[in-house]
Every structure is written in C-alpha cells, then in structure tokens.
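Chemist: Pasting a structure here, questions to come.
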Amino acid sequence: MSNGSPGPVPPLNAAAAALPDAHLRETTISSTPVYNGHFLEVRQDSVRLPDGSTAQREFIVHPGAVMVVPLLDDGRLVVERQYRYPLGRVMLEFPAGKLEFGEVPLHCAVRELTEETGYRASEWARAGLLHNAIAYSNEGIEIWFARGLTAGERLLDAGEFLDVEVATLPALLAAAADGTLTDAKSLIGLLWLQNWQAGHWPLQWQAPPSPQAGGPPASP
C-alpha cells in the first residue's frame, strides 16, 4: 500500500549524470514544429523533468541578432526611434538586427549600423552575449561597440521606417529611469557602457572586416 510519499526518482543515465547541474536539467522526449514563419519558428516539446515526470515546453526558435552601441567622438551615442508593432508604440533603442543564415555576428553588426544609421565605424569591440527571453525563446543577441564613426547614407530595407538621433549617456539613463527607454537589449548596452567607462569591463577593439569578408562596401 502506498504511504502517499512520492516514488523514487528514476536514475539518470551515465551521460546525463556527468553533465553539470544534472539535477536541474530537462531532456527532450519529442519535438514538434507548430509554426514556421518568415524567420521565427515555434516548437512544442515534450520533456522529462529531473524527477522523472514529463512536461510540455513551448518556445520560439530565433536565428540570433546583434545590437550596436555606436559612440561618437564627442561622447554622444547614436540611437533609433522605431515603431514596434507587438507593443503598439515607438521604442527608443540602439541599432540592431537579426543574423542572416550563416552570417558572422561582426559582419551583421557592421551591416546593420550602415543600413539603419548610415554610420561606418573604424573600430569595433565585442562586449558579450545576452539572452533576452530565456523562458520562451533561444534568442541570443551579441552586443558590439563601434567608434570612430563616419556619417553616410542609410540603406534601409523595404518597409523599414525609423528615425536616427543622437543622445548623451545622462539623457539615456534618465530615459531608462523614467520608463521612456524600456528595451531590454538597450538597457544592457547602457550597463556595458557604464562598466567599460568605469574600467570594470574591458573591451578589445579591432578593425572592421573588409568588404570582401562580408562587410558593407566602403564609403566612396
């Protein structure tokens, strides 16, 4: 007769048990595509939990993206104002865009900065990677810094509408404090910027890739 206590937890196989945090991991039993769009995919997976029970996980598969923190020589930053349909409002944010299939993140960063703002940078530095929706998406956004900016012509995609502005760091921090700036990636960009300026989080600067390596053509 059962005494009402849960049964023993099924043992993990040797490979799973050897993984870090094995007592927290979920393993996939089956995976079903629910929706395939232009670049997003929605999946519904059956998973086995650490205690041996099962559950459903619904999540979005995303190709990944980059965000650029563009630094002008006078210390101001290049930002954008763009209407974001899911929120029904214009958002203040740093330039960003999704990775094309097989695209190197730095090449994407160079391309997006030029296409959206017209600026080209003579130096680039990778700050890190952020995961902005860990509960329901595998999206990862690489954060890149750009400096030595030269203004040029924008190359917006068809159907893309946005304003390019410049702002001081104090102004952007004030916008974050009063709720005007709520974009998660841009808030993380500001965090990186403050820590870099304070000498806490160093950046390694490099030249941009050549056009032959996948970057946009040089300014005439």
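The values are calculated or read from the model by the stated rules, or taken from the named source; none is laboratory data. Keep in mind it's a predicted model, so treat the numbers as computed, not measured. All Cβ positions, even for glycine, are placed from backbone atoms using ideal geometry, and neighbour counts span all protein chains on display. What goes into the accessible areas is simple: the full protein's heavy atoms, side chains included, and nothing from ligands, DNA or RNA. Shrake-Rupley method; radii C 1.70, N 1.55, O 1.52, S 1.80 Å.
Chemist: So in the stretch 76-131, with the set limited to residues that are of a type in the set (G, A, S) and open to solvent by 40 Å² or more (accessible area, probe 1.4 Å), which one is farthest from the chain's Cα centre (by Cα)? If you could, list the steps in order and put the result at the bottom.
Modeler: Going residue by residue through the stretch 76-131, those that are of a type in the set (G, A, S) are 88, 96-97, 102, 109, 118, 121-122, 125, 127-128.
From what is left, the residues that are open to solvent by 40 Å² or more (accessible area, probe 1.4 Å) are 88, 102, 122.
Working: G88: 21, G102: 16, S122: 23 Å.
Looking at the filtered set, the residue picked out is S122.
Table: residues versus (1) surrounded by 13 or more Cβ atoms within 10 Å (Cβ to Cβ); (2) free of Cβ contacts under 8 Å to residues at least 24 places away in the same chain.
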site: T150; (1), (2): no, no
site: G159; (1), (2): no, yes
site: T180; (1), (2): no, no
site: S186; (1), (2): yes, no
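Chemist: Can you report the number of residues in the stretch 170-188 which are more than 16 Å from the chain's Cα centre (by Cα), outside any loop (DSSP other than H, G, I, E, B) and closer than 20 Å to T117 by Cβ?
Modeler: 3
Chemist: Please enumerate the residues belonging to the stretch 189-212 that are assigned to a helix (DSSP H, G or I), among the aliphatic types (A, V, I, L, M) and open to solvent by less than 60 Å² (accessible area, probe 1.4 Å).
Modeler: Correct list: L190, L193.
Chemist: Go through (1) in contact with a helix residue (DSSP H, G or I) (Cβ under 8 Å, 6 or more places away or on another chain); (2) over 30 Å from E26 (Cβ atoms) and name the single condition G64 misses.
Modeler: Failed condition: (2).
Chemist: Here is a follow-up. Could you say whether any residue in the stretch 16-26 is in contact with a Ser or Thr (Cβ under 8 Å, 6 or more places away or on another chain) and modelled with pLDDT of 95 or more? Step through it out loud before you land on a result.
Modeler: First, pick out the residues of the stretch 16-26 that are in contact with a Ser or Thr (Cβ under 8 Å, 6 or more places away or on another chain): 16.
Then keep just the ones that are modelled with pLDDT of 95 or more; that gives none.
The answer is no; no qualifying residue exists.
Chemist: Within the stretch 26-54, can you find the residues that are without any contact (Cβ under 8 Å) to a residue 12 or more places away in the chain, open to solvent by less than 90 Å² (accessible area, probe 1.4 Å) and closer than 17 Å to S137 by Cα?
Modeler: P33, G37
Chemist: Something else: Test A146 against the criterion of being among the aliphatic types (A, V, I, L, M) and either open to solvent by 70 Å² or more (accessible area, probe 1.4 Å) or out of contact with any Phe, Trp or Tyr (no Cβ under 8 Å at 6 or more places or on another chain) (or both), and give yes or no.
Modeler: Numbers: among the aliphatic types (A, V, I, L, M): yes; either open to solvent by 70 Å² or more (accessible area, probe 1.4 Å) or out of contact with any Phe, Trp or Tyr (no Cβ under 8 Å at 6 or more places or on another chain) (or both): no.
When the stated conditions are applied, A146 does not pass them.
Per-residue answers, yes or no, for (1) out of contact with any His (no Cβ under 9 Å at 6 or more places or on another chain); (2) under 13 Å from L169 (Cα atoms); (3) small (G, A, S):
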| residue | (1), (2), (3) |
| --- | --- |
| S46 | yes, no, yes |
| G52 | yes, no, yes |
| I60 | yes, no, no |
| G64 | yes, no, yes |
| V69 | yes, yes, no |
| E80 | yes, no, no |
| L87 | yes, no, no |
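Chemist: Let me ask something additional. Suppose we keep only residues that are in a strand (DSSP E or B) and in contact (Cβ under 8 Å) with a residue 60 or more places away in the chain within the stretch 55-68. Which one would you say is surrounded by the fewest Cβ atoms within 10 Å (Cβ to Cβ)?
Modeler: E58
Chemist: Of these, G148, G214, G179, which one is small (G, A, S) and modelled with pLDDT under 95? Please lay out each step first, then the result.
Modeler: On the way: G148 fails: modelled with pLDDT under 95; G179 fails: modelled with pLDDT under 95.
Testing whether each residue is small (G, A, S) and modelled with pLDDT under 95 leaves just G214.
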